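Right, one structure below, let's go through it.
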Amino acid sequence: MNRSTMLWWGAGFLALATALGAAVVFGLAEPPGFDVWWNTTIAAHRADWMLAVAHLTNEIGGGWIAIFVVPLLVIVAFLLARRWRTAVFAAICFTASAGAVQLLKQLFGRARPEDMLVVSDFGSFPSGHTANAATIALVLWLVFPRVWIAIVGAVWILVMALSRTILSVHWATDTLGGALVGAGVVLVLGAWLLPWVLQRRETKEPAIG
């Protein structure tokens with residue numbers, strides 16, 4: 001994927017996420033019928049194993065683990081692999097994605113479902129957990145463009161998105177918005193930084209520290 005394509009797709013994803021947030025909060029009934037139908041349906045069919053997986057992804061994909069532990073593990077792994085440019089790129093993507101999520105949460109201030117099974121922070125749109133999953137998946141895919149990485153990343157995003165509605169902590173459109181934000185941020189930054197990240201001499205430069 002060339003720089004121009006990444007930029008247009010990334011900007012398009014971010015614009016679509018913002019438009020979706022505006023539509024569900026300001027333009028339609030709150031919440032939209034699809035969101036109510038989806039959450040009602042999935043709540044009626046959730047099993048114990050689904051709840052167990054959802055609670056696990058809730059811990060991994062949010063809070064201090066998602067904000068500090070997971071990004072640090074990814075960054076340290078790149079540094080140990082002597083890919084310091086990739087580590088810098090990942091750090092910038094994690095920070096920008098989290099900032100974009102909080103900006104949209106404050107902008108839209110969407111109410112969460114009333115029957116939440118876990119405690120969460122202010123603002124339902126977009127889903128920060130899903131945005132985190134998309135950010136990690138897109139960073140890894142841009143740096144290692146393999147089909148299996150794309151498949152695993154897509155599955156991880158889908159599992160995270162489903163888990164948020166299984167716990168009734170997000171509406172379905174929140175998870176779509178989160179995926180768009182996470183992917184969009186990485187693609188825009190990739191259009192700017194990826195040529196620098198993938199320079200051949202990176203492997204010859206010593207790791208930081």
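The values are calculated or read from the model by the stated rules, or taken from the named source; none is laboratory data. Keep in mind the model is a prediction, meaning the values are calculated, not measured. Cβ placement follows ideal geometry from the backbone for every residue including glycine, while neighbour counts extend to all protein chains displayed. Calculation scope for accessible area: heavy atoms of the full protein, side chains included, ligands and nucleic acids excluded. Shrake-Rupley method; radii C 1.70, N 1.55, O 1.52, S 1.80 Å.
General observations
- Scan the range 37-74 for residues that are closer than 24 Å to Q102 by Cα and β-branched (V, I, T) and the total you get is 7.
- Residue check, T86 assigned to a helix (DSSP H, G or I), within 19 Å of A161 (Cβ to Cβ), at pLDDT below 95 and of a type outside the set (A, V, I, L, M, F, W, C): no
- Of residues in the range 137-156 being surrounded by fewer than 24 Cβ atoms within 10 Å (Cβ to Cβ) and β-branched (V, I, T), the one farthest from A52 (Cα to Cα): V143
Conditions tested, residue by residue: (1) open to solvent by less than 60 Å² (accessible area, probe 1.4 Å); (2) farther than 22 Å from L194 by Cβ; (3) in a helix (DSSP H, G or I); (4) among the charged types (D, E, K, R).
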| site | (1), (2), (3), (4) |
| --- | --- |
| W8 | no, no, yes, no |
| F26 | no, yes, yes, no |
| A54 | yes, yes, yes, no |
| W64 | no, yes, yes, no |
| I75 | yes, no, yes, no |
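- Of the residues A179, A183, A98, A134, the single one that is surrounded by fewer than 24 Cβ atoms within 10 Å (Cβ to Cβ) and of a type in the set (A, V, I, L, M, F, W, C) is A98.
- Scope the range 55-68; condition among the aliphatic types (A, V, I, L, M) and at pLDDT 85 or above; matching residues: L56
- Criterion applied to S168, S120 was being open to solvent by 20 Å² or more (accessible area, probe 1.4 Å) and more than 14 Å from the chain's Cα centre (by Cα), and the one residue passing it is S120.
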